[in-house]
1. Send over a whole-number figure in Å² for the accessible area per residue of region 327-466, probe 1.4 Å.
2. In whole percent, and with a 1.4 Å probe on the protein chains, what portion of the accessible area of region 210-463 is carbon and sulfur?
3. Ile225 to Cys33: extension gain in nm, 0.36 nm per residue of separation minus the Cα-Cα distance?
4. For region 210-463, what does the alpha-carbon gyration tensor say about shape, rounded, prolate or oblate, given a ≥ b ≥ c as the root eigenvalues, a/c under 1.5 as rounded, and a/b over b/c as prolate?
5. Exactly which trypsin sites (Lys or Arg not before Pro) in region 404-464 are in a DSSP loop and have at most 13 other Cβ atoms within 10 Å?
6. Of all trypsin sites (Lys or Arg not before Pro) in region 293-373, which ones are in loop regions per DSSP and have a Cβ with at most 13 other Cβ atoms within 10 Å?
7. Report the Cα-based extents of region 286-358 along its three principal axes, largest first, to the nearest Å.
8. By how many nm would the segment from Tyr273 to Ser69 grow when fully extended, if each residue of separation counts as 0.36 nm and the alpha-carbon distance is taken off?
Amino acid sequence: MLGAWLLLWGSVALGGRADTAFLRRAHDSSGHCTYSFTVASPVEAACPEAAGGVPELRAELAALAARLSRLESRERGAGGSGPRGAEPGGARDPQQVATASRLEAAERSQKCLAAEGGGAGLLPKASALRGAAARHGGPRGRQEQAGGERGWLSPAHAVPDPAAAPRWEPQPLSYQELQSERSEVPVSRLVEETALGRPGKEDSAGCGKLLWVGEPVVFGRADSIAGKYGVWMKDPEPVPPFTRDNTWRVDTVGTEVRQLFQYEEAEQLARGYPAKVHILPRPLESTGAVIYRGGLFFQPRQSRSVARYDLRGETITAEREIPGAGYHGQYPYSWGGYTDIDLAVDETGLWVIYSTEKARGAIVLSKLDPETLEIRRTWETNIRKRGVANSFLICGTLYTVSSYSAPNATINFAYDTATGTSRALSIPFENRFRYLSMLDYNPAERQLFAWDSFNMVTYPVRLSRQ
């Protein structure tokens, strides 16, 4: 560094004119060798103190040290303790000790700064010292002291103080740019991945309460107006030669709905090519049919009866009237469609959902024998049938949907046949295509099957463990 400064022995441009600069070496009062770099001021003819400014600095340092001593005495006189006062026995505040040590170190280092770095960083600026002293003495001195100390010496000349306790002081930031990316995540997926976990093998069997319904997955779409409303199904307990891969579909728009389309698998349904078409002996009414144990269970048109069509023999093997059940528009779901009598399957067997004049439009549940269609037991709920869009059963509990057209509907009620009690729910349910005409649960696949305005969709579900 000395060689670099010797190169400047000549002239230095200050304020647009050339002034001679001098590098002087001499002994100080203690006998140490000191280097002084001087240049004439462009605005001042003379200084009130000696050249070099060292006596002025020493005076300011002495004044600052005296101020610190007065602050110490004041805190001790006030009986302070802990972080802001003296400890019993006369111990000084660690922050004040650190400050005094840094002041002493700064004074010691000024003698050698010229040899080590010299030039513009030779001596600390008096204005910086004044600012540091003011910050220490003010009300916020303790909070701002660390920042002030860093301003006294440049980082290249900072003198480490082994006596000071290690501290981490956050640097104030006047501006910080933050960048983020927006990613849209369905609420259903968030709920699934956090509070409820992911559906998996551990909950593929057994019963529980409905906790979550996922987003709809489209498997196929009807290609004519006859398929605006409809029903599609799989048999949760098939009998040979049928399997769980076989898929069934009925388009229900029309006065004589008799065609039952059979597909070897769901992918064939998506392509729209049935393996076989069954012509039912009697036309069915609406979208309440189900497939169970090798039979199609349906409501014959304009009747309060339920019939079983055998898929192997292609004949009706059983038919029974549901006493007092409304039909052909008396007690349908809110979307209409003559959905007075709705059949359902869950882990416990075959059900029929309807209402009667005696129940005054409230939903009535009956458990049916799948072979004879005899009613085994009946429950009367307090859920108004016309007030809900659709319903299904899971593990002996009836669940209803709030709306058939609102995109963000809910599973809004549950009726537990084990306890005979109902409760309100608010489980999100999406009507993606805004016209839900059929909704059934398949216990084998643990999914909801639905028909939503020409579209055949499924919904994954999550149940609690019992």
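1. Ligands and nucleic acids excluded, the result is 37 Å² per residue.
2. Values: 4540 of 9830 Å².
Solvent-exposed carbon and sulfur of region 210-463 make up 46 percent of the total.
3. Numbers: separation 192, 0.36 × 192 = 69.12 nm, distance 10.45 nm.
Stretched out fully, the Ile225 to Cys33 stretch lengthens by 58.7 nm.
4. Numbers: a/c = 1.40, a/b = 1.14, b/c = 1.23.
Rounded.
5. Details: sites: Arg423, Arg432, Arg434, Arg446, Arg462; in loops: Arg432, Arg434, Arg446.
When the trypsin sites (Lys or Arg not before Pro) of region 404-464 are filtered for loop state and at most 13 Cβ neighbours within 10 Å, Arg434 remain.
6. Working: sites: Arg293, Arg301, Arg304, Arg308, Arg312, Arg320, Lys358, Arg360, Lys367; in loops: Arg293, Arg301, Arg304, Arg312, Lys358, Arg360.
Counting only loop positions with at most 13 other Cβ atoms within 10 Å, the trypsin sites (Lys or Arg not before Pro) in region 293-373 are Arg312, Lys358, Arg360.
7. 35, 26, 22
8. Working: separation 204, 0.36 × 204 = 73.44 nm, distance 9.66 nm.
Once the chain is fully extended between Tyr273 and Ser69, it gains 63.8 nm.
The values are calculated or read from the model by the stated rules, or taken from the named source; none is laboratory data. Given the structure is predicted, the values throughout are model-derived calculations rather than measurements. Glycine also receives a Cβ, built like all others from the backbone with ideal geometry; neighbour counts cover every protein chain displayed. Just so you know, the surface numbers come from the protein's heavy atoms only, side chains and all, with ligands and any DNA or RNA stripped out. Shrake-Rupley method; radii C 1.70, N 1.55, O 1.52, S 1.80 Å.
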